[in-house]
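Worksheet: the structure to be examined is printed underneath.
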There are 2 protein chains.
Amino acid sequence: MYTLYGNKVSGNSYKARLTCELLNIEYQWIEIDILTQENRQAGFLQINPLGQVPVLLITPDNLAANSEPTLILESNAIIRYLAEGSALIPNSAIDYARMWQWLLYEQGEVRPNIASVRFIRKFQNMIPSRLEEYQQKFDKSNDVLSYLNQQLEGKAYILGDNVSLADISLYAYTHNAEEGGLDLSPYQDLLNWFKRIESLPNFVRL
Amino acid sequence: MYTLYGNKVSGNSYKARLTCELLNIEYQWIEIDILTQENRQAGFLQINPLGQVPVLLITPDNLAANSEPTLILESNAIIRYLAEGSALIPNSAIDYARMWQWLLYEQGEVRPNIASVRFIRKFQNMIPSRLEEYQQKFDKSNDVLSYLNQQLEGKAYILGDNVSLADISLYAYTHNAEEGGLDLSPYQDLLNWFKRIESLPNFVRL
């Protein structure tokens, strides 16, 4: 049995939800309100001392009664675990390495920039103490969007012909970049790629 | 044939070098001088437009003459590719997921904080324009070191009894945290874990 602790407005949580939906994986959703900092309260910190969502709880119903429930942290590690054996994970060693290259790029460049400008603008109403950070991350976000747009040129998906977890992960914080004040109209290949992902069977919106 | 574009003082590059050495993988090293910004010049930007090291170049000598050389970016994706089939990658699905959980934590929390304070202090001589950032990242670095120390309590390696890529990756920027001005003496479990890694056959220093 899978339980996802997540938040409905969080792109990181959305990656896990979208992966479950696309793959018809059954799961229970437990909403953690990050806007009221429920993720920083004792109840949730017992689950994840880092206070981050999503968290995947695996309770092995078909194992011995004394077997331990298991937690997996980090959105990209969670979706990798959930998608094991599915078409969302490439077979070839090179494509598999490239998938991880993009999942790490997402973690290192997309999330810290695009997710932050969205959060500051949409959920913190451009709080003055973060305005300088907003501008720096806004500029870096445009670099990221431009790079992704260029990498998608002539391709259906980021690895080529087939959709993979790299697309799911990169989509989570790019498709709503306008909520961070970013203009997506110069990035036509990116916009076409959004439409392709949004046409996948069982696709659900953030 | 493997070629690693890397830099001898970069922890990210060191991860790839250490993995090759521990696994007796033959490779050619091409030094890219990040301190003189060789990574931002046209020659290297043709290899990696992001200007980052390490980059793994795979030239498939045993394939057809017209086969394309392949590049893999992102240190943790590179070491995952290099270690395929070795004991540095756990067999169980849960341990494999946990390995990635730590590789993503490394990318999301360790590198942006501990590597930055080291770079600002050791290679930029505490440049005034980054002092505020240094202090913020110094404090976060202590949170990271404290969390890792706690996670290592009672364990030989971060996943338990066996060394994995998660250890190699986490070691790269924690064992030299003192170069960033951080005091490691409160973190005894971390210091013991350093010694265990440094005793591995074929271990090489950064």
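The values are calculated or read from the model by the stated rules, or taken from the named source; none is laboratory data. Note that the structure is predicted; figures quoted are calculated from it, not measured. Please note: Cβ atoms are built from the backbone with ideal geometry, for glycine as well, and neighbour counts cover all protein chains shown.
Just so you know, in segment A:138-152 the residues that are in contact with a helix residue (DSSP H, G or I) (Cβ under 7 Å, 6 or more places away or on another chain) and within 13 Å of another protein chain (Cβ to nearest Cβ) include one that is farthest from B:Leu50 (Cα to Cα), and it is A:Asn149.
Candidates in segment A:154-206 are the residues that are among the β-branched types (Val, Ile, Thr) and in a loop (DSSP other than H, G, I, E, B); of these, the one that is farthest from A:Asn7 (Cα to Cα) is A:Ile158. For A:Glu21, the stated conditions do not hold, so it cannot be described as part of a loop (DSSP other than H, G, I, E, B) and surrounded by fewer than 21 Cβ atoms within 10 Å (Cβ to Cβ).
Checking the structure you have, find out if any residue of segment B:170-182 is among the small types (Gly, Ala, Ser), within 30 Å of A:Arg80 (Cα to Cα) and within 13 Å of chain A (Cβ to nearest Cβ). Taking every residue of segment B:170-182 in turn, none turns out to be among the small types (Gly, Ala, Ser), within 30 Å of A:Arg80 (Cα to Cα) and within 13 Å of chain A (Cβ to nearest Cβ). With respect to B:Ala77, determine if the residue is touching a Leu at 6+ places or on another chain (Cβ under 7 Å) and in a helix (DSSP H, G or I). Taking the combined requirement at face value, the residue satisfies it. Do the conditions hold for A:Thr59, that is, is it hydroxyl-bearing (Ser, Thr, Tyr) and within 20 Å of B:Gln101 (Cα to Cα)? When the stated conditions are applied, A:Thr59 passes them. Being of a type in the set (D, E, K, R), touching a Cys at 6+ places or on another chain (Cβ under 9 Å) and under 22 Å from A:Gly85 (Cα atoms) is a description that applies to A:Glu26. Of the residues making up segment B:163-177, those that are more than 8 Å from the chain's Cα centre (by Cα) and either within 19 Å of A:Glu74 (Cα to Cα) or free of Cβ contacts under 8 Å to residues at least 60 places away in the same chain (or both) are B:Ser164, B:Leu165, B:Ala166, B:Asp167, B:His175. Filtering segment A:1-18 to residues that are part of a loop (DSSP other than H, G, I, E, B) and either modelled with pLDDT of 95 or more or within 16 Å of the chain's Cα centre (by Cα) (or both) leaves A:Asn7, A:Lys8, A:Val9, A:Ser10.
Just one residue in the set A:Ala77, A:Ala83, A:Ala97, A:Ala115 is within 13 Å of chain B (Cβ to nearest Cβ), surrounded by 15 or more Cβ atoms within 10 Å (Cβ to Cβ), touching a Gly at 6+ places or on another chain (Cβ under 8 Å) and not β-branched (Val, Ile, Thr); that residue is A:Ala115. Among the residues making up segment A:83-135, those that are hydroxyl-bearing (Ser, Thr, Tyr) and within 20 Å of B:Trp102 (Cα to Cα) are A:Tyr96, A:Tyr105.
Restricted to segment A:24-35, and to residues there that are touching a Lys or Arg at 6+ places or on another chain (Cβ under 9 Å) and assigned to a strand (DSSP E or B), the residue that is farthest from A:Tyr2 (Cα to Cα) is A:Glu31. Being in contact (Cβ under 8 Å) with a residue 40 or more places away in the chain and on the phi > 0 side of the Ramachandran plot holds for only one residue in B:Asn24, B:Asn76, and it is B:Asn24. For segment B:36-59, enumerate the residues that are free of Cβ contacts under 8 Å to residues at least 12 places away in the same chain and either in a loop (DSSP other than H, G, I, E, B) or outside the structural domain of B:Lys8 (by TED's automatic domain parsing) (or both). Answer for segment B:36-59, where residues must be free of Cβ contacts under 8 Å to residues at least 12 places away in the same chain and either in a loop (DSSP other than H, G, I, E, B) or outside the structural domain of B:Lys8 (by TED's automatic domain parsing) (or both): B:Gln37, B:Gln41, B:Pro49. Scanning segment A:1-58 for residues that are closer than 25 Å to A:Ile197 by Cβ and among the aromatic types (Phe, Trp, Tyr) yields A:Tyr2, A:Tyr5, A:Tyr14, A:Tyr27, A:Trp29. Does B:Arg130 satisfy being in contact with a Gly (Cβ under 8 Å, 6 or more places away or on another chain) and either in a helix (DSSP H, G or I) or without any contact (Cβ under 8 Å) to a residue 12 or more places away in the chain (or both)? So B:Arg130 does not fit the description; no.
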